[in-house]
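Worksheet: the structure to be examined is printed underneath.
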Amino acid sequence: MSTAASTFQHDATAAAADRPRRDFIRFALSGYFAKRRVTQDAYGDWQAARQAAAEIKFEAVNHLDTYLEEFTRNAEARGTKVFWASNSAQARDYILNLCREKEIRSIVKSKTMTSEEIHLNDALEHAGYGVVESDLGELIVQLRKEAPYHFVFPCMHLKRDEISATFEEKLGSAPTDDPEELTMIARRHLRQEFCRADLGISGANFLIAETGTLSITENEGNARLTAALPRIHVALVGIEKVLPKLADLALLLPMLGTAGAAQLLTAYNSLYGGPRQPGEVDGPEEFHIVLLDNHRTRLLADPEQRDSLHCIRCGACLNVCPIFKNVGGHTYGTTYQGPIGSVITPHLRGLQDWKHLSNASSLCGACTETCPVKIDLHHHLLQNRRNAVAQKPVGWEKALYRGFVFLMNRPGLYRLSGKFSPLGLRLQAVVQGTVLDPLRAWTKTRDLPPAPPKTFKQLWAERRAGGPR
Amino acid sequence: MKVTLFVPCFVDQLFPHAAVSMVEVIERLGHTVDYPEEQTCCGQPPFNSGYWDQARAVAERTLRVFRDAEVVVAGSGSCGTMFKVFYPELFHHTPFEAEAKALAAKTYEFSEFLVKKLGVTDVGARFDGRVTFHDGCHALRELKLKEEPRQLLRAVRGLDLVEMKEAETCCGFGGTFAVKFPQISTAMDEVKCHSIVETGADVVVSNDSSCLMQITGYLNRHGQAVRGMHLAEILASR
């Protein structure tokens, strides 16, 4: 078993045993579900909206080269510098070089999962640059030196007293149980950072090819300050975020709000058209966009799973996922948690090392059902399992399934085994839960059903022979 | 109508009474039941584990077993999904593709067969008790069967149907998942069983015996009195 897989097993066991935390996560999400039913109903026909959104993303992803070039041309025409990064090292180096060239002293960042993906904070801090997360949830997990728990709700696992204790320890604030006061503590801290920063780093929710603009959705206003106050702005964006037309936002912005946070529309939806233009009074002097591939083109090359590039990172699949709700976000050990993370991480970081995430699913399909852009998530988990086996079968499993085929393709032998299965179950009952129990993984926490006296095959044969039923 | 019954291997071996009940209900409605005795397993375990070659080896024979059937009724939403959804995918671009699609088209899950194919919701059953229905994920999301089993249950005399919280949340079985990740599977089971017990129901009903095994396995371990019954067993009661 690889390291990532054994860590997952270990952390999943710890998380599953923490009933209060699991209950808290379910409680935290209950408001989302109640509100989402209402906002989703506002669409009249949510299924039609999903179909339309999926078609927009299908068009964008299936002509990604064309739209990225169109985006780049239009962005550059307004003075934005666009850098195409094949991998995380190139993206990090570009930003680090920029920091050196422009003699950057202080950096603020708004929420960007792509920066988590390329471990940008570590690289910047290692090079001596301080970075302050300006999204409240991101700031809290940054202060705690934790990874985001959920890629939309980074600190959803934390209770108020834990947040207060973190602020008390790291920011020297007085303890409080008042959510508004907690927010004000963060606000006072962040305002200083915004004023001081000479570089702002953000992600983007969408890139508009038609206009060369960048669309950022947020609830706190911190991204607007991040993009407006510092003299230089860098947006780090995955290549799959491109949309053909500005009008596409008319559907995708509300869908992102609804699926992501059960809002009709997120509080702030801003479009950024590049650096300060002649005659304008504000905005950054320089505007850079780093377009990140980092193996997204591997997904693009896979016609079966290409639709996972439709993802708008709303996080709805995490919210409905019973695996996520019971093991929590940190257990995944990935930038992108939940079903979408289990689907794409093997493509981004290696199938053999991350295939366990595709196995760690009951394939219930709640994710696929909720996805606003109709990614066939749970079937992709099945495909990842198939691809992992095709690449490198597991010895004992292959032997087991060969035996399975041998038995199942011999009805006579199968029938015979059925005659002994009640006996087998009775014998199993004696050793249930002990180390001698071959079904221990199952019976450690659950009872097997009592052995029926006869199989259906036996009952049917008796009926055919006119005997007792 | 001659109905060919597909009895999944674990129903055959562990829950034969569910299949016997299906035969009773279908015959009560005036149809004949055929059971090809050479049937074994649909191949879902290797399919779900990624061993598609091995799944095909079993599925090819299963295609032959049901080739001449007029209508196939599957005694499990999950194994019915194997026929209806995954066989066409498994045999995509193979010589068996047409046959797989033909089997998919003539296969019905038990409640789907009664309500959609026969147009029957009242099968003349009587069952005195408070009942809650658990949606098996395959029947619910792959076969889109939500109302069908409930329509059948509501027509049962004496039966009081109560909905549990999060009826659509997975019980955590998921085949080999329950063995490979028993801690996650058990946590999901715990949540599901809590919702069931909360309803005050005497019986939890599902159209999938595998979910019932997962659910009753946990309920029994924790000394809960709620029993598990397959939908067919309720419908066969009089």
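Show me, bin by bin at 10 Å from 0, the whole-percent P(r) of the stretch B:123-236 based on Cα pairs.
Values per bin, smallest distances first: 15, 50, 30, 6, 0.
Can you tell me the FRET efficiency between residue B:34 and residue B:179 if r is taken as the Cβ-Cβ distance and R0 is 30 Å, rounded to the nearest 0.05? Before the final figure, lay out each step's value.
On the way: r = 34 Å, r/R0 = 1.13.
Working from the Cβ atoms, E equals 0.30.
Go through the stretch A:286-294 residue by residue and turn each phi into a ³J(HN,Hα) via Karplus (6.51, -1.76, 1.60, θ = phi - 60°); whole Hz please, and just put x for glycine and proline.
Along the stretch A:286-294, the couplings run 10, 10, 10, 10, 9, 8, 9, 8, 6 Hz.
Over 29 Å between Cα atoms, which of B:84/B:180; A:457/B:101; A:57/B:144; A:81/A:111; A:444/B:192; A:57/B:192 qualify?
A:57/B:192
Taking R0 as 22 Å, what FRET efficiency do you get between residue A:280 and residue A:191 from their Cβ-Cβ distance, rounded to the nearest 0.05?
Once rounded, the FRET efficiency stands at 0.40.
Whose amide H sits under 5 Å from the amide H of residue A:242, counting only residues 5 or more places off or on another chain, with H placed in the peptide plane?
Counting only residues 5 or more places away or on other chains, the set is A:207.
Relative to the longest principal Cα axis of chain A, at what angle does helix A:3-17 sit, 0 to 90 degrees, rounded to 10?
The helix A:3-17 is inclined about 80 degrees to chain A.
For the stretch A:42-294, with the dipole built from +1 on Lys and Arg beta-carbon atoms and -1 on Asp and Glu ones, taken about the Cα centre, which of A:225, A:182, A:203 lies farthest toward the positive end?
Of the options given, the answer is A:225.
Cα gyration tensor of the stretch A:395-464, axes a ≥ b ≥ c as square roots of the eigenvalues: rounded (a/c below 1.5), prolate (a/b > b/c) or oblate?
oblate
Taking 7 Å along the Cα-to-C-beta vector as the label spot, tell me the residue B:155-residue B:89 distance in nanometres, rounded to one decimal.
Those two pseudo-labels are separated by 3.2 nm.
If the only charges are +1 at each Lys and Arg Cβ and -1 at each Asp and Glu Cβ, what is the size of the charge dipole of chain A around the Cα centre, to the nearest 20 debye?
2820 debye
Can you list which of the trypsin sites (Lys or Arg not before Pro) found in the stretch B:146-219 are DSSP loop residues with at most 16 other C-beta atoms within 10 Å?
In loop regions of the stretch B:146-219 (DSSP not H, G, I, E or B), the sparsely surrounded trypsin sites (Lys or Arg not before Pro) are B:146, B:165.
Identify, among B:41, B:3, B:176, the residue whose Cα sits farthest towards the positive end of the charge dipole of chain B, taking +1 on the Cβ of Lys and Arg and -1 on the Cβ of Asp and Glu, with the dipole about the Cα centre.
B:3
Calculate how many DSSP beta bridges within chain A are antiparallel, expressed in % of all such bridges and rounded to the nearest 5.
Antiparallel: roughly 25 percent of the beta bridges in chain A.
Please turn the phi angles of the stretch A:206-219 into ³J(HN,Hα) values with the Karplus equation 6.51 cos²θ - 1.76 cosθ + 1.60 (θ = phi - 60°), one per residue in order, whole Hz, x for glycine and proline.
8, 10, 9, 4, 4, 10, x, 9, 10, 10, 10, 10, 7, 10
Under the rule that a partner needs its Cβ under 4.7 Å from the first Cβ, which Cys of chain A have none?
A:99, A:155, A:195, A:311, A:314, A:321, A:371, each lacking another Cys Cβ under 4.7 Å.
To the nearest Å, what is the center-to-center distance of the stretch A:119-157 and the stretch A:263-299, using C-alpha atoms only?
20 Å
In the stretch B:2-116, if the dipole is taken from +1 on Lys/Arg beta carbons and -1 on Asp/Glu beta carbons about the Cα centre, which of B:21, B:82, B:32 is farthest to the positive end?
Result: B:82.
How big is the dipole moment of the stretch B:123-236 about its Cα centre under a simple scheme where the beta carbon of each Lys and Arg is +1, that of each Asp and Glu is -1, and everything else is neutral? Debye, nearest 20, please.
100 debye
State to the nearest 20 debye the size of the charge dipole of the stretch A:42-294 about its Cα centre, where the only charges are +1 on K and R beta carbons and -1 on D and E beta carbons.
The dipole of the stretch A:42-294 has a size of about 380 debye.
Within the stretch A:291-327, name every residue whose backbone N is under 18 Å away from a label modeled 7 Å from Cα of residue A:391 along the Cβ vector.
A:294-309, by backbone N distance to the label point.
Counting only the backbone N, which residues of the stretch A:235-254 are under 14 Å from the spot 7 Å out from the Cα of residue A:42 toward its beta-carbon?
Residues A:251-254 qualify, since their backbone N sits under 14 Å from the label point.
Please report the antiparallel percentage of the DSSP beta bridges confined to chain B, to the nearest 5.
0 percent
Cα centroid distance between the stretch B:142-170 and the stretch A:37-110, in Å?
Between the Cα centres of the stretch B:142-170 and the stretch A:37-110 lies a distance of 44 Å.
Return one number: the angle in degrees, 0 to 90 and rounded to the nearest 10, between the long axis of the Cα atoms of helix A:64-77 and the longest principal axis of the Cα atoms of chain A.
10 degrees
Taking H placed 1.01 Å from N in the peptide plane, check which residues at least 5 places from residue A:437 or on another chain put their amide H under 5 Å from its amide H.
The answer is none.
Would you mind calculating the relative contact order of the stretch A:261-354 from Cα pairs under 8 angstrom and at least 6 residues apart, reporting the percent as a whole number?
Relative contact order here is 20 percent.
Hey, what do the phi angles of the stretch B:204-219 turn into as Karplus ³J(HN,Hα) couplings, whole Hz, using 6.51/-1.76/1.60 and θ = phi - 60°, x for Gly and Pro?
Once rounded to whole Hz, the list reads 9, 10, 8, 9, 9, 5, 5, 4, 5, 5, 4, 6, 5, x, 7, 4.
Exposed loop GluC sites (Glu not before Pro) only (DSSP loop, at most 16 other Cβ atoms within 10 Å): please give the longest stretch of chain A free of them, not including the sites.
Result, exposed sites excluded: A:305-469.
Values in this text are rule-based calculations from the coordinates and carry no lab data. Note that the structure is a prediction, hence the values are computed from the model and not measured. Note that each Cβ is placed from the backbone with ideal geometry, even for glycine, and that neighbours are counted across all protein chains shown.
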